[in-house]
1. I'd like to verify a number: residues in region 179-220 that are within 25 Å of Ala40 (Cα to Cα) and over 19 Å from the mean Cα position of the chain (by Cα), how many?
2. Examine region 41-58 for a residue that is surrounded by fewer than 17 Cβ atoms within 10 Å (Cβ to Cβ), closer than 30 Å to Ala164 by Cβ, under 22 Å from the mean Cα position of the chain (by Cα) and at pLDDT 95 or above, and state whether such a residue exists.
3. Hey, can you tell me all the residues within region 88-97 that are touching a strand residue (DSSP E or B) at 6+ places or on another chain (Cβ under 7 Å) and either without any contact (Cβ under 8 Å) to a residue 60 or more places away in the chain or surrounded by fewer than 23 Cβ atoms within 10 Å (Cβ to Cβ) (or both)?
4. For region 70-80, which positions are surrounded by fewer than 16 Cβ atoms within 10 Å (Cβ to Cβ) and assigned to a helix (DSSP H, G or I)?
5. Would you tally the residues in region 160-215 being within 24 Å of Glu149 (Cβ to Cβ) and not aliphatic (A, V, I, L, M)?
6. Taking the condition of being over 16 Å from Ile156 (Cα atoms) and of a type in the set (A, V, I, L, M, F, W, C), how many residues in region 189-207 meet it?
7. Would you point out which residue out of Ile165, Ile172 is at pLDDT 95 or above and in contact with a Phe, Trp or Tyr (Cβ under 9 Å, 6 or more places away or on another chain)?
8. Which condition does Glu182 not pass, out of (1) within 22 Å of Gln31 (Cβ to Cβ); (2) in contact with a helix residue (DSSP H, G or I) (Cβ under 8 Å, 6 or more places away or on another chain), if it passes all the others?
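The values are calculated or read from the model by the stated rules, or taken from the named source; none is laboratory data. Here the structure is a predicted model, which means the values were calculated and not measured. No Cβ is skipped: glycine too gets one built from the backbone with ideal geometry, and neighbour counts run over all protein chains shown.
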Amino acid sequence: MNARQVILRGTTGIAALALFSMPAAAQLGRQQGLVEPNVAADSVMTPLPGMTADIVAALKSARPILGPAPLDSILNAKGMAKAARTTLYAKLFVHVDLNRGTDADFMLIPGMDARKLSAIKAKRPYADFASFTAEVTKVANAAEADRLEQYVFIPIELNTHTEAIMDTFAGIGVGTRRWKREFVEYRPWTSMEQFDREIGKYVRANPTELQRLKRYVYIK
């Protein structure tokens, strides 16, 4: 039983209803050791299945990698077979946007199939992972929903997100102290063009990093 379940079991009446109505803070799926190639050190990536120093160098030179499909293309170009790539993706992956991800990105997740993908897409957009779990367990089980969660994220709404939400993205270089400060400083956000202009100032030396950050945000 996780902490959220313990709290809910011990809560009754109006307080319980209030808890159920609150969105979960976590918007990057609960991680289980999955390595993010945009931020991982050589020493973390090199021991993974099928990895070589040459492949690690190729991934680093391609940063930022803007999703699972570009990651797959890089590995394929370096001669890693499809079966080996699938094995690797149990350990290393670029997260999929749960609400906006493409079918091709989702299908690169190990163990994903058409039934699970259909169930996931049926209830988009998601505001929390409780809803995601409910949909996946219609065609699989709770353990599989928990495993799949580590591969996905719910995008950050720029005008309403909390510090707790940003904290869940810290491990992949998005919920850092810098971006927590800048994402709040420029509120209210009115357009993604504004985001390009204001956040772009901080990544002029690596403009593709702006595109990586944009993967994780939206404006309602």
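1. Qualifying residue count, region 179-220: 11.
2. So far as region 41-58 goes, yes, one or more of its residues are surrounded by fewer than 17 Cβ atoms within 10 Å (Cβ to Cβ), closer than 30 Å to Ala164 by Cβ, under 22 Å from the mean Cα position of the chain (by Cα) and at pLDDT 95 or above.
3. Lys91, Leu92, Val96, Asp97
4. Result: Pro70, Ser73, Asn76, Ala77.
5. The number of residues fulfilling the criteria is 17.
6. Summing the residues that are over 16 Å from Ile156 (Cα atoms) and of a type in the set (A, V, I, L, M, F, W, C) in region 189-207 gives 2.
7. Of the residues listed, the single one that is at pLDDT 95 or above and in contact with a Phe, Trp or Tyr (Cβ under 9 Å, 6 or more places away or on another chain) is Ile172.
8. (1)
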